[in-house]
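The structure under discussion appears below in the form of structure tokens.
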Amino acid sequence: MISAIVAAVHVLALAIGLPSVFLRGRALAGPLDAERLRRLFAADNVWGIAAALWIVTGLLRAFGGLEKGAPFYLSSRLFWTKLGLFGLVFALEIWPMVTFIRWRRQLRNGHAPDTSRAAVLHRLNHLELVLVVVIVFVASLMARGFGQR
Ligand code: HEM
């Protein structure tokens with residue numbers, strides 16, 4: 001039962017993660033007025049929750065004995081590929097994460113945020129979205145034993 005619930009939450013993280021990173025990109029694509037900034041921060045919050053859910057449920061599934069057992073995943077090239085891709089998403093996310101925290105703070109202090117790098121952030125966001133889609137395919141192949149040493 002726990003395994004099924006954790007697996008469901010892992011996949012539901014995708015159901016909120018992919019739309020939120022897409023909507024964050026949409027907000028970044030246009031002129032960042034108050035309404036777009038509000039939408040950007042809302043999407044960014046949900047994206048953060050999805051990331052936390054992926055990490056917690058992913059670790060439980062891989063190492064918590066809920067699925068095929070740690071040896072299966074540790075000997076799966078696709079598991080390491082998946083973690084590598086996820087690590088890349090995480091690394092790419094550091095600058096946007098810090099920037100959006102700064103923008104929130106600037107707004108709270110009554111200052112207009114410096115959005116001059118929005119175009120670069122938009123491209124980074126797009127790359128993260130593509131990587132998540134790739135991770136889904138890698139995960140599906142991994143779960144079926146492809147890439148086993
Ligand atoms: C962007 C992040 C992630 C996405 C989109 C994602 C997606 C998925 C999907 C769609 C599945 C189901 C595969 C299937 O049964 O066909 C899955 C399974 C799994 N994921 Fe993730 N995942 C992510 C992050 C992680 C992380 C960070 C870990 C580990 C630390 C992880 C570990 C697992 C494990 C162990 C399974 C079970 C595979 C099996 O059934 O044997 N995932 N993931």
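So here's what we get for this one:
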{"read-out": "Per-residue HN-Hα couplings for segment 56-69 [Karplus 6.51, -1.76, 1.60; θ = phi - 60°; Hz; x = Gly/Pro]", "value": "5, 6, x, 5, 4, 5, 7, 10, x, x, 8, 10, 8, x"}
{"read-out": "Accessible area of segment 2-143 divided out per residue, in Å², using a probe of 1.4 angstrom", "value": "54"}
{"read-out": "Neighbourhood charge, 12 Å Cβ-Cβ cut-off, centred on ALA27 and excluding it, Lys, Arg +1 and Asp, Glu -1", "value": "+2"}
{"read-out": "Inter-label distance, nm, simple model (7 Å from Cα along the C-beta direction), TRP80/VAL56", "value": "3.0"}
{"read-out": "Most mobile of SER116, SER20, SER75 in a GNM of the chain (Cα contacts under 10 Å)", "value": "SER116"}
{"read-out": "Inter-part distance where segment 29-75 and segment 1-23 are each reduced to a Cα centre, Å", "value": "8"}
{"read-out": "Nearest-ten-degree value, helix 77-108 long axis tilted from longest Cα axis of the chain", "value": "20"}
{"read-out": "Cα shape, segment 2-143, gyration tensor, a/c 1.5 rule", "value": "prolate"}
{"read-out": "Principal-axis tilt of helix 2-29 within the chain, Cα atoms, nearest 10 degrees", "value": "30"}
{"read-out": "Chain lengthening between ALA4 and LYS68 when straightened (0.36 nm per residue, less Cα-Cα)", "value": "21.8 nm"}
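The values are calculated or read from the model by the stated rules, or taken from the named source; none is laboratory data. Please read these numbers as outputs of a predicted model, since none were measured by experiment. Please note: Cβ atoms are built from the backbone with ideal geometry, for glycine as well, and neighbour counts cover all protein chains shown. The accessibility values were calculated without ligands, DNA or RNA, using every heavy atom of the protein model including side chains. Shrake-Rupley method; radii C 1.70, N 1.55, O 1.52, S 1.80 Å.
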